[in-house]
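Asks: I'd like to ask some things about the structure below.
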Amino acid sequence: MEFSGRLDGTLPRDGELNPTLVALALGLDAKEGFPSPSVLIGRPPELCPGCGHRDLYSALNEAMDQYDKGRQKVLSDIGCYTLGALDPFNAISSCVDMGASITMAKGASDAGMEPAVAVIGDSTFTHSGITGLLDAVNDKSPITVCILDNDTVAMTGGQQAAGEGKIERICEAVGVEPEHIRVVEPVRRNHNLMVETIREELSYKGVSVIIARRECVQVLLATKKLARKNK
Ligand SMILES: Cc1ncc(C[n+]2csc(CCOP(=O)(O)OP(=O)(O)O)c2C)c(N)n1
Ligand code: SF4
């Protein structure tokens, strides 16, 4: 049998595969960006229904409403929460690498952006966000860091998060003042409370951390399913 792919040059040897590259490799017309656009409806990825990231972004957007949208950017990172860059939220403006959100927010703050906000997942924070937070604390930079703590590494399949049960203590250990480490539960009924909390911390001229903590819905469902199976 004959195989085509990366080795014979049908596909590029490096980088991610996307629908256009796959369409071209299959000999389909990729001009429309996707094979057979007449039978397939574009379905951009989105946060799961019920995901806590949704509630945090709704509150963050409302809290940020009072600032100039053209000038104001929310720096973010890679994880499920990156989907907050898309409709209907359009809440974040960057995703560079794991941990860049905090250092970018600090840099933006140094350059005069106010408020400077970073959004980062709990696993990304423990991977390489802590050093940026320490830097911001040392420089007393006025930044607000939202740590979206869903108790897992959701985007890569639900592995155990390295910072489980330790996020507040880590923030305190690098020097964030305890009264500016705020924990919220991102659920719809807490919307107004979250908006208020975020607004308070956006106006604080120092480092603040808002931890939005609610378990990933998919992990919760999988755990429940497993528990039922093992009964
Ligand atoms: C250096 C590096 N290692 C691993 C990955 C793969 N990766 C993508 S997102 C992610 C973590 C996401 O977890 P979290 O920040 O908790 O966000 P969640 O998906 O749970 O919302 C990882 C490990 C990566 N993008 N870069
Ligand atoms: S897998 Fe979990 S964290 Fe990711 S979008 Fe779905 S509910 Fe949210």
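The values are calculated or read from the model by the stated rules, or taken from the named source; none is laboratory data. This structure is a prediction, so every number in the text was calculated from the model and none was measured. A quick note on method: Cβ atoms are made from the backbone with ideal geometry, for glycine too, and the neighbour counts reach across all protein chains shown. Accessible surface is based on the protein model in full, side chains and every heavy atom, while ligands, DNA and RNA are left aside. Shrake-Rupley method; radii C 1.70, N 1.55, O 1.52, S 1.80 Å.
Asks: Please enumerate the residues belonging to the range 62-99 that are more than 16 Å from ligand 1 (Cβ to nearest atom) and surrounded by 19 or more Cβ atoms within 10 Å (Cβ to Cβ).
Replies: Ala63, Met64
Asks: Still on this structure, I have one more. Please verify whether Glu164 is assigned by TED's automatic domain parsing to the domain that holds Glu200, surrounded by fewer than 24 Cβ atoms within 10 Å (Cβ to Cβ) and in a loop (DSSP other than H, G, I, E, B), treating the condition exactly as stated.
Replies: yes
Asks: Out of contact with any strand residue (DSSP E or B) (no Cβ under 7 Å at 6 or more places or on another chain), of a type in the set (Val, Ile, Thr) and under 24 Å from Ala59 (Cα atoms): is that true of Val217 in this structure?
Replies: Yes; evaluated as a whole, the condition is true for this residue.
Asks: Can you name the residue in the range 113-140 that is in a loop (DSSP other than H, G, I, E, B) and open to solvent by 40 Å² or more (accessible area, probe 1.4 Å) and is also nearest to ligand 2 (Cβ to nearest atom) among such residues?
Replies: Glu114
Asks: Looking at the range 204-214, can you tell me whether even one residue there is closer than 15 Å to Leu56 by Cα, open to solvent by 30 Å² or more (accessible area, probe 1.4 Å) and out of contact with any Pro (no Cβ under 8 Å at 6 or more places or on another chain)?
Replies: no
Asks: While we're on this one: Checking the condition farther than 22 Å from Gln160 by Cα, modelled with pLDDT of 95 or more and within 16 Å of ligand 2 (Cβ to nearest atom), which residue from Ile143, Ile92 passes?
Replies: Of Ile143, Ile92, the one residue that is farther than 22 Å from Gln160 by Cα, modelled with pLDDT of 95 or more and within 16 Å of ligand 2 (Cβ to nearest atom) is Ile92.
Asks: Here's something else I'd like to know. Find the residue count for the range 151-177, including only residues that are within 18 Å of Ile198 (Cβ to Cβ) and not acidic (Asp, Glu).
Replies: Selection size over the range 151-177: 3.
Asks: Need pairs with beta-carbon distance below 8 Å; first residue more than 18 Å from Gly50 (Cα to Cα) and within the range 77-98, second assigned to a loop (DSSP other than H, G, I, E, B) and near ligand 2 (Cβ under 10 Å from one of its atoms); sequence gap 6+ or separate chains.
Replies: Correct list of pairs: Ile78/Met155.
Asks: Another question, if that's okay. Quick one: Thr152 ticks every box in (1) in contact (Cβ under 8 Å) with a residue 40 or more places away in the chain; (2) among the polar types (S, T, N, Q); (3) under 20 Å from Tyr204 (Cα atoms) except a single one, so which number is it?
Replies: (3)
Asks: While we're looking at this one, here's another question. Would you mind stating whether Ser101 is among the small types (Gly, Ala, Ser) and more than 11 Å from the chain's Cα centre (by Cα)?
Replies: Here the answer is no, as Ser101 does not meet what is asked.
Asks: Also, quick follow-up: Quick one: in the range 30-77, of everything that is basic (Lys, Arg) and modelled with pLDDT under 95, which residue is nearest to Asp97 (Cα to Cα)?
Replies: Here the residue is Lys73.
Asks: I need the full set of residues from the range 143-160 which are assigned to a loop (DSSP other than H, G, I, E, B) and buried (at least 22 other Cβ atoms within 10 Å of the Cβ), in order please.
Replies: If the condition is that a residue be assigned to a loop (DSSP other than H, G, I, E, B) and buried (at least 22 other Cβ atoms within 10 Å of the Cβ), then Asn150, Thr152, Ala154 are the ones that fit.
Asks: Right, here's the next one. Could you tell me which residue of the range 45-83 is nearest to Ile198 (Cα to Cα), considering only residues that are away from ligand 2 (no atom under 16 Å from the Cβ) and among the aliphatic types (A, V, I, L, M)?
Replies: Ranking the qualifying residues of the range 45-83, first place goes to Ala63.
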